[in-house]
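The values are calculated or read from the model by the stated rules, or taken from the named source; none is laboratory data. What you see is a predicted model, and the numbers here were worked out from it, not measured in a lab. Neighbour counts are summed over all protein chains in view; Cβ atoms, including those assigned to glycine, are modelled from backbone coordinates with ideal geometry.
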Amino acid sequence: MSNIPETEQMEIISLNPENILDYGFCGYKDANKHKEMLWKAAWYKEYYPKGLRINILMSQKNGSQGMIEYIAGEYAHRPVAADNFMFIHCLFVGFKKEYKEHGYGSRLIESCIKDAEELKKDGVAVVTRKGSFMAKKDIFVRNGFAVLDQRKPDFELLGLQFRASPHNPRFLENSLQDYIDGLFILRSPQCPYTEKNVLAMVETAENMGFHPQVVELSGHEAAQLNPSPFGTFALIYNGELLSHHPISNTRFQNIMRKFL
C-alpha cells in the first residue's frame, strides 16, 4: 500500500536560473555541501535561453521527489541528431520509494510533451538503457514512444513523433581515434555526479601509475562527439571504452587493476 497521504498535493515546478539552487535538483539540496550544484547551476544558466528546462515533482511533505530535464534537440548533450525535436536528458521519480509507481513519471513526461507541442516541435526524443544512470524505456513506450535507433551495449533512442519529419532522430557515429593512447575521463557539467568521483579517480589513477587526462565536455558540441552514447561521461583506456556512466572510485580501482 502507498504511504503517500491521499490529501498530499504533488506539484510540478519549472526551475529557472534564479530559483534552481533554492529548490535543488538531482537529489542535491545544499550548495554549501555540494559544490557540484554550482557547477550545474552555471551550466543551466548558460543553456536556459536555448530551451533547457528542469521540471521537478514537489511533495508538500518531503520536497523534491522527481525531475525531468529536457532541451531542444540541437543542443542535446548526447551523441544524437534530433533537430526540431525536444530531447529528454533525464527522468527520475522517487528519492523516497513511496513516490514510485504512482504515475508521476508520466506526469513529468507530459510536461515535456506540452512544451514541445507549444514550441511546434516535430516530437520528443530520449536515450534509454537497461543499465545504470538512465531511465529504462518502458515508461516511454507506455507514453507512445517507439524505438528509432540502437547502440551497444544497451542504449536505445526512442521518439514520440507529432508529425512526419524529414529526419528521424538517430545516434551519431563517433570514433575512439582521439583516445587510443592513454587514460581519458570525459565528463560534462550536465551530470553533477561526475564532479566528486572524477577528482578521486584522478588521484587514484596517479597513485596506480597512470597519467589520466580529464576531458571537459563543456558544451553540447563536445558531448555530441563523445564515443559513448551516454554523452556526458566516458572512461577510456588505450581506445577501449571501460565505462559509459559515472562510477565510484572503488569501481574505478577494480577496473584499472587488470591493466597493471
Pairs under 9 Å by beta carbon, first residue surrounded by 17 or more Cβ atoms within 10 Å (Cβ to Cβ) in region 38-59, partner of a type in the set (Gly, Ala, Ser) and part of a helix (DSSP H, G or I), six or more apart or different chains? Arg53/Ser111; Asn55/Ser111; Leu57/Gly105
Which residue, of Ala234, Ala205, is at pLDDT 95 or above and closer than 17 Å to His77 by Cβ? Ala234
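Matching residues to (1) in contact with a Lys or Arg (Cβ under 7 Å, 6 or more places away or on another chain); (2) under 21 Å from Met134 (Cβ atoms); (3) aromatic (Phe, Trp, Tyr):
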{"site": "Ala200", "(1), (2), (3)": "no, no, no"}
{"site": "Thr204", "(1), (2), (3)": "no, no, no"}
{"site": "Gly209", "(1), (2), (3)": "no, no, no"}
{"site": "His220", "(1), (2), (3)": "no, yes, no"}
{"site": "Pro229", "(1), (2), (3)": "yes, yes, no"}
{"site": "Phe233", "(1), (2), (3)": "yes, yes, yes"}
{"site": "Ile236", "(1), (2), (3)": "no, yes, no"}
Yes or no: Thr204 assigned to a helix (DSSP H, G or I) and without any contact (Cβ under 8 Å) to a residue 12 or more places away in the chain? no
Residue hits (region 172-202; buried (at least 19 other Cβ atoms within 10 Å of the Cβ) and under 23 Å from Glu74 (Cα atoms)) are Leu186, Arg187, Ser188, Pro189, Gln190, Cys191, Pro192
Given (1) within 27 Å of Trp43 (Cα to Cα); (2) of a type in the set (Phe, Trp, Tyr); (3) surrounded by fewer than 22 Cβ atoms within 10 Å (Cβ to Cβ), Phe155 misses just (3)
Go through region 68-113 and give me each residue that's surrounded by fewer than 19 Cβ atoms within 10 Å (Cβ to Cβ), under 17 Å from the mean Cα position of the chain (by Cα) and in a helix (DSSP H, G or I). Glu74, Tyr75
